[in-house]
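Chemist: Below are the structure tokens for one structure; questions will follow.
The values are calculated or read from the model by the stated rules, or taken from the named source; none is laboratory data. For clarity, every value in this text was computed on a predicted model and none was experimentally measured. A quick note on method: Cβ atoms are made from the backbone with ideal geometry, for glycine too, and the neighbour counts reach across all protein chains shown.
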Amino acid sequence: MPLVTIDDFQIEVPEGTTILNAARMIGGDLVPPAMCYYSSLKGSGGYCRTCLVKVEQGSAKDPRPMPKLVPSCRTTVMDGMVVRNETSPEVVEARAGVTEFLLVNHPLDCPVCDQAGECHLQDLGYEHGKLDTRSEFRRRTFEPIDIGEKVKLHMNRCILCYRCVKVCEQITDGRVHGVIGRGDHAEISTYIEKAIDNDFSGNVIDVCPVGALTDRTFRFKSRVWYTSLWMPTAIATNAAARCAYGTKARKSFG
Ligand code: SF4
Ligand code: FES
């Protein structure tokens with residue numbers, strides 16, 4: 001089994017493990033943040049660049065460092081690899097830059113966003129962001145729209161991580177939404193006159209790391225810190241799916 005060193009901690013991991021998952025096996029502060037990688041979705045990761053790390057030594061056989069920072073969610077460990085995460089000033093600086101880019105178009109509407117309190121971008125901004133913005137340009141803005149009976153899309157907040165797209169691709173029969181346009185014009189959209197309407201539509205909301213997809217039945221009803229997770233409170237009626245998922249219920253006070 002390959003032996004990898006991450007921020008001076010060593011661990012042996014099964015062949016084919018990525019640097020990110022090896023770091024998660026160790027745990028603690030040396031785990032890189034990950035906005036677009038989702039462990040149970042095939043092919044996720046590689047979009048957001050928040051998980052960049054420095055490979056100081058490629059392997060025991062070839063100890064040369066990798067010339068650029070690499071996405072840890074997409075890079076497989078090699079025996080003898082030496083990786084730096086938080087202990088590399090280069091990584092810390094790059095992550096601050098990535099965070100700044102992710103926030104270029106993201107509104108600072110956390111006080112009214114349902115994802116506040118469990119938003120990965122909020123955590124990333126708090127841990128790696130800057131106190132102010134250097135951008136002089138107007139943010140991209142969109143009106144919130146309904147893209148399903150239960151799903152509200154607030155495109156202003158989307159970071160184009162593709163998680164929701166992969167959920168629909170991998171666990172539903174027919175995907176009706178995706179990313180249209182590229183670069184500055186890229187946006188999440190349903191195909192013309194389609195809506196996300198299947199037994200798993202709630203999962204796209206669940207995997208969204210920010211508040212771009214929210215639950216129309218729960219919007220503005222409560223704050224996440226007033227809720228507690230009940231597992232499982234709902235079992236999918238589709239037995240073949242064997243899907244049990246938690247739901248949030250407002251804690252009662254007094
Ligand atoms: S809507 Fe959410 S899950 Fe989908 S791409 Fe945007 S940020 Fe990612
Ligand atoms: S989590 Fe690795 S690139 Fe997004």
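Chemist: Is at least one residue of the range 154-165 more than 25 Å from Ser72 (Cα to Cα) and among the charged types (D, E, K, R)?
Modeler: Of the range 154-165, the ones more than 25 Å from Ser72 (Cα to Cα) are 154-156.
The next check asks that each one be among the charged types (D, E, K, R); those that pass are none.
Checked the range 154-165: no residue is more than 25 Å from Ser72 (Cα to Cα) and among the charged types (D, E, K, R).
Chemist: Scanning for something away from ligand 2 (no atom under 16 Å from the Cβ) and either at pLDDT 95 or above or touching a Ser or Thr at 6+ places or on another chain (Cβ under 6 Å) (or both), does the range 17-26 turn up at least one residue? Write out each step before concluding.
Modeler: The initial filter retains those residues of the range 17-26 that are away from ligand 2 (no atom under 16 Å from the Cβ), namely 25-26.
Subset that is either at pLDDT 95 or above or touching a Ser or Thr at 6+ places or on another chain (Cβ under 6 Å) (or both): 25-26.
Yes, some residue in the range 17-26 is away from ligand 2 (no atom under 16 Å from the Cβ) and either at pLDDT 95 or above or touching a Ser or Thr at 6+ places or on another chain (Cβ under 6 Å) (or both).
Chemist: Of the residues in the range 201-254, how many are within 23 Å of Leu160 (Cα to Cα) and at pLDDT below 55?
Modeler: 0
Chemist: Just a yes or no: is a residue in the range 69-77 within 16 Å of ligand 1 (Cβ to nearest atom), modelled with pLDDT of 95 or more and not assigned by TED's automatic domain parsing to the domain that holds Asn198? It would help to see each step written out before you state the result.
Modeler: Looking only at the range 69-77, we keep the residues that are within 16 Å of ligand 1 (Cβ to nearest atom), and these are 73.
Keeping just the survivors that are modelled with pLDDT of 95 or more gives 73.
From what's left, not assigned by TED's automatic domain parsing to the domain that holds Asn198: 73.
Checked the range 69-77: at least one residue is within 16 Å of ligand 1 (Cβ to nearest atom), modelled with pLDDT of 95 or more and not assigned by TED's automatic domain parsing to the domain that holds Asn198.
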